[in-house]
Each structure stands twice: as C-alpha cells, then as structure tokens.
Amino acid sequence: MELRLRIDRVRVRNFRNLADVDLRLQPGAVVVGENRAGKSNLVHAIRLVLDPGMSSLDRRLSREDFWDGLSDGSVDWDPMQAGEEIEVSVDIVEFGGDEAVMAALSDALVAQEPPKARLTYRFAPVDTGAEPGSGRVKYRFGIFGGEDAEQVVATDLRDHMHLVFLHALRDVESRLNSRRGSPLRTLLEAAARAVGEEDLVKVRDAMREANDSLNGLTEVTQVATGITERIHEIVGPNQALETDLKVASDDPVRLIRNMRLMVDGPAGRRLGSTSLGTLNVLYLALLELQLEQRLADSDIAHVVMAIEEPEAHLHPHVQRLVFRRFLNDDKTARSVLVTTQSPHIASVTAPRSLVVLRDVGGRTEAAAAHTADLAEAEWDDIGRYLDATRAEMVFARSILLVEGYAEQVLVPAVARSAGLDLDKLGITVCAIHGTHFRSYAKFCAALGIPWAVLTDGDGDAGVARATRLGEDFGGDTSNIFVGPTTFENDLLDADPRNVEPCFAVLRELGSRAVDKWGEVSPGQDPFLGAIKNVGGKGRFAHRLSQKAVHAPAYVLDALRHLGA
C-alpha cells in the first residue's frame with residue numbers, strides 16, 4: 001500500500017507539564033521516559049486534536065490543565081482569569097497519493113508540495129466585550145485547520161483520520177463483551193452482511209427446529225407456562241406479556257451479531273478463564289482486524305493508534321513479537337504511537353523512531369533520536385545493539401560508554417567500593433564491544449541523555465581516539481576519559497590494595513604465573529597474558545567483580561562527570 005499518512009510534528013503549549021514542546025516524529029514512534037515525564041499528557045494532547053470519540057465535555061479543560069509555570073507566584077493566581085491559552089497542533093504528511101484524504105484535508109493545508117496539513121486545538125478566552133477584570137473569563141475550545149482559526153474542522157474529518165486510543169490498563173473482557181466497545185462487533189456485522197440469503201434461511205430453519213425440540217420437553221414447557229401464569233396473577237391478563245423460552249432468536253442475522261468469543265477450543269470457556277496477557281493479545285488482534293475491515297469498507301481512510309504502556313501482563317517475548325509487527329508494518333494504512341517503560345518494546349523499535357521525555361524542573365523536555373547525524377550503516381549498528389541489549393540505554397538518566405564486558409561488569413563493582421550505587425544514580429554502563437564510540441555518543445546526544453566515554457590508553461591510540469571523537473562535538477573532550485594503559489592493568493596499578501584480589505582471582509582460575517610475582521605488578525604484558533591463559537578478560541572480570549576492588553582515578557572522574 002502506497003499510503004503512508006502519518007503524524008510528522010506535534011507542538012504543545014501550556015498543557016500540564018508540556019510547557020512548550022515541539023516534537024518531530026518518525027513512523028512507529030515510541031516514547032519513553034520516567035514516571036511524570038509527560039508521556040500520558042503527550043498522548044492526551046494528541047487526542048484533544050484527533051480523537052473523534054472524545055466528548056466536548058472532555059475537551060473542555062480547567063485551570064488545573066494549565067502549566068504551573070505560568071503562575072506569577074501569588075496564591076490565588078488563576079491562569080484562566082489571566083487569559084492564558086492552551087494550544088496543541090498536529091502536522092500530517094505523506095497523504096498526497098490518496099485523493100479522498102487530500103480532499104478531506106484540503107482546508108487544513110499549510111504546504112502544497114509535498115502536501116502538509118495542520119490541525120490545531122485551542123482552549124482560549126472568548127471575547128465577550130467586557131472590560132478586563134470585570135468578571136470571570138469565559139473559555140471555549142475549538143479545533144481548526146491550517147493557520148486560520150476560523151477554519152473549523154468538522155468531526156467527520158477526524159472520523160476520516162480515525163484515532164484509536166488504548167489505555168494502559170484496560171478491562172479487555174468487559175470491552176470484548178460489550179456490544180458498543182468490542183472490535184468483534186464490526187467483524188460480525190460485516191460477516192452478517194456477506195452471508196447469502198439461502199444460507200440464512202437454513203440457519204433460521206435449524207434454529208426453529210432446535211427451539212421447538214427444547215420446548216417439546218415437558219420440564220421446559222412447565223417453566224415457560226409457569227412464568228406466563230405468574231405474570232397473569234400479578235398484573236392480570238390485560239397487562240400481561242406472553243413469554244417463550246428459546247435457546248436464541250430465530251433471526252440468523254441477529255444470531256451472528258450476538259455471537260460471543262470463547263476460548264480453549266472444544267472446551268468453550270468464557271474469556272475470563274484465560275490470562276490477562278492472552279486477553280490483551282486477543283484484543284489487539286481483534287482491533288487490527290476491525291480496523292482493516294473499516295478501511296476496506298471505506299468507513300475511514302487512515303488509522304492513528306495511540307497505545308499507552310501496553311506491556312502490562314505481557315511476557316517479554318510476547319512484547320517483542322507483538323510490537324515488532326505493530327511498529328514495522330508498512331502494509332496497513334495506519335500510524336502508531338506507543339508510550340512505554342518496557343525495554344523489550346524499545347528494543348524492537350527502529351532507532352530513529354525513539355523519543356525520550358524527561359522532567360526538568362516541572363516541565364517536560366523532549367528529544368528525538370532521528371536528529372542524530374548518522375550514516376545508514378551506523379543506524380543499523382544502533383538497531384542491532386538496542387535489540388541485543390534490550391535497549392537499556394534509552395531508559396538511563398546518564399550513560400557511561402565502555403569498550404567491553406570487563407568494564408561493564410567491573411565499573412559498577414569499583415563504584416560500590418567508592419560508596420557509589422550506579423542504579424540509584426541512574427548511571428548505566430553500556431559496553432559497545434569495540435572502540436567505535438562515535439555513533440553511540442551521537443545517539444545519546446540526540447536523545448538528550450548525558451554521556452561519557454571510558455577508553456583504554458593503548459599507547460598514544462587512546463588520546464588520538466578521544467581527539468577524533470571530540471571533533472564531532474566541537475572539539476570538546478571533557479566527557480572522554482582515557483586510561484594510562486588498558487583497563488585491567490590500570491585497575492591493578494590503581495591501588496596497592498587491588499593486587500591481592502587480582503592475584504587471588506588468577507590463582508582461583510588456575511594460574512601458576514602469580515606465584516612468581518610476589519605481591520607486585522609484573523607489568524602489563526605478563527598480567528594480561530595470565531588473564532588470557534585462564535579464560536580471558538570476561539571470565540576474570542566476572543570473578544573479580546565479586547571482590548572489593550578500588551577504582552582508577554579516571555574511572556571516578558568519569559562517574560563524577562555524570563553526577564556521581
């Protein structure tokens with residue numbers, strides 16, 4: 001399908017903690033951030049513009065919806081009395097190939113080639129002609145297209161671009177059993193329309209025969225007769241209603257529309273008997289089928305799915321399977337926006353599509369990964385890295401980029417010896433398994449995540465590496481920390497107290513060379529050679545991390561740079 005209609009840009013002003021957010025989005029956008037960072041508020045802001053299911057009452061905001069930072073500091077300050085405004089605008093692009101969408105959005109265009117449409121929600125005071133300060137200010141919301149506030153957007157346009165919002169914690173069983181809220185209803189109604197008249201007659205005859213057979217049973221007839229007689233006793237024959245017992249209506253169309261989902265095959269168990277995670281997957285499958293049906297029937301032209309923290313009750317493998325499909329589907333006329341705190345969902349997201357929100361002094365700051373200046377091969381490297389590491393780096397408050405597994409394991413250990421808990425500090429140690437720091441540093445910078453690099457000296461190579469990396473950031477090397485030699489040897493030389501645990505680990509792993517060294521460093525080459533002979537740096541680091549080891553000065557400097 002050629003249609004790629006999508007949200008390109010969202011701007012929010014003065015709405016809750018979204019004081020002034022201007023965010024460009026890529027297809028399949030995934031928004032991450034800590035609690036209170038503004039993820040739910042961002043989705044709610046988009047709904048104010050696009051969600052046709054949101055009532056006028058829900059769109060009518062209150063003083064509590066204004067950003068707190070607007071206040072002048074007085075106790076009784078009221079943003080609505082001060083005439084402040086809340087505004088949310090959504091830019092829509094890549095719909096030029098669809099004539100129906102183009103026609104629907106024609107009054108909202110802000111650019112022609114390529115076409116771009118803008119829909120804006122504004123909650124603002126109404127000009128009543130009264131003198132300022134003469135009474136309570138009256139507010140009204142409006143949704144308009146383009147740059148003309150008088151160009152009111154009709155509800156049917158927002159139906160054309162259908163927004164589906166999935167709450168973080170949803171009662172799937174109730175939704176599926178509800179005639180109004182269940183995606184199954186659309187599918188069954190389509191099926192009922194498609195069934196031929198001959199088949200409907202056969203079903204009708206079969207249902208009549210089944211009902212007649214049951215009503216022919218004496219015990220069943222007695223129940224039906226007893227109900228009718230009791231009603232006659234209560235209200236008399238003039239006001240009584242006649243009742244019949246039936247398995248179901250004889251009307252086959254009504255039968256199809258009222259069919260219920262059962263689970264566990266022949267057992268035919270009700271939905272409540274299965275797990276919450278399974279119900280969530282079932283709901284997503286039905287929703288996808290329903291939207292495809294509505295698109296096929298031309299009820300809607302495009303779907304915008306806003307899914308809030310969908311990881312609840314889903315096994316990590318299922319999270320990755322479901323959202324690898326949802327976020328990377330290019331065959332359906334839909335765009336997806338997901339907010340999540342799950343590294344499993346973030347790990348299957350195209351790196352360009354990641355957005356990080358963070359709370360800075362009571363207001364949200366947003367950063368998008370796609371702003372990083374990276375070559376295609378570098379984006380591919382980032383994608384593979386995020387998938388392999390479950391995207392932990394995008395959830396960090398700050399990141400220490402290191403060369404390999406040894407640093408990844410030992411830096412938290414030496415930090416503990418210095419009284420530092422990296423989890424409490426929000427510092428994540430990310431091993432890139434090499435010295436190609438550039439793309440990872442640029443990725444972190446684009447997402448606004450503070451970062452530092454820890455790298456080996458390797459003679460003069462380490463300093464040269466730091467200089468080259470600094471050139472990508474205006475010559476600034478203040479967050480690049482180079483060791484004297486290699487990390488393991490630097491650790492041995494950092495403190496005389498480190499000799500005993502380092503040598504003890506080598507002995508435990510079977511090294512005999514240690515016995516010749518006494519209690520002093522043998523030098524870099526013999527020491528690294530012994531580590532190699534007992535299984536390599538990874539095995540040595542893993543064992544050493546369980547002992548008390550003191551940090552080299554440059555490691556502590558890097559951690560302090562990140563706020564330790």
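Just so you know, all these numbers are worked out from the coordinates, no wet-lab data involved. If you're wondering where the values come from, they're calculated on a predicted model, not measured in any experiment. Ideal geometry is used to build each Cβ from the backbone, glycine not excepted, and the neighbour counts take in all protein chains shown.
Computed quantities for the displayed model
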| item | result |
| --- | --- |
| Full-stretch length increase - A312, S275 - with 0.36 nm per residue and alpha-carbon distance subtracted | 12.1 nm |
| Helix 276-296 vs. the chain, principal-axis angle (Cα, 0 to 90°, nearest 10) | 60 |
| 11 Å beta-carbon shell around R539, net charge (K/R +1, D/E -1) | +2 |
| Computed E for A206/D423 - FRET, C-beta separation, R0 45 angstrom, nearest 0.05 | 0.10 |
| Acute angle (nearest 10 degrees) that the helix 524-533 long axis makes with the longest principal axis of the chain, alpha-carbon atoms | 50 |
| Sorted largest first, extent of the stretch 279-324 alpha carbons per principal axis (Å) | 36, 17, 16 |
| Residue list for the stretch 343-380, given a label point 7 angstrom along the Cα-to-Cβ vector of A82 and an amide N cut-off under 16 Å | 362-363 |
| Relative contact order (%) - criterion: Cα under 8 Å, at least six apart; region: the stretch 225-380 | 13 |
| For the stretch 7-122, the fraction of alpha-carbon pairs in successive 10 Å shells from zero, as % | 12, 38, 32, 14, 3, 0 |
| Solvent-free Debye scattering, log10 I(q)/I(0), computed from the Cα coordinates of the chain at q = 0.06, 0.09, 0.12 Å⁻¹ | -0.48, -0.87, -1.18 |
| Average projection area in nm² (convex hull over Cα atoms of the stretch 396-561, one quarter of hull surface) | 9.0 |
| Rough spin-label spacing in nm, given labels placed 7 Å along Cα→Cβ, for H436 and D72 | 5.8 |
| Where labels lie 7 Å past Cα in the beta-carbon direction, separation of E99 and N177 in nm | 4.8 |
| Derived scalar couplings ³J(HN,Hα) [the stretch 28-42; Karplus, 6.51 cos²θ - 1.76 cosθ + 1.60; whole Hz; x for Gly, Pro] | x, 5, 10, 9, 10, x, 5, 4, 6, 7, x, 4, 5, 5, 5 |
| Separation between Cα centres of the stretch 279-353 and the stretch 211-241, rounded to whole Å | 51 |
| Theoretical FRET efficiency, 1/(1+(r/R0)^6), r = Cβ-Cβ of I227 and S56, R0 51 Å, to 0.05 | 0.70 |
| Percentage relative contact order, the chain, counting C-alpha pairs under 8 Å, at least six apart | 15 |
| Rg over Rh, two decimals, the stretch 176-260 (C-alpha only, Kirkwood Rh) | 1.11 |
| Footprinting exposure proxy for V201, V32, V281 (fewest neighbouring C-beta atoms within 10 Å first) | V201, V281, V32 |
| Angle in degrees between helix 183-194 and the longest Cα principal axis of the chain, rounded to the nearest 10 | 50 |
| Nearby lysines by direct alpha-carbon distance to K39 (threshold 23 angstrom, same-chain neighbours under 8 apart not counted) | K424 |
| Residues of type lysines that K516 reaches as a straight line, Cα spacing below 28 Å, ignoring anything fewer than 8 places off in the same chain | K532, K537, K547 |
| Of all DSSP beta bridges in the chain, antiparallel share, percent nearest 5 | 55 |
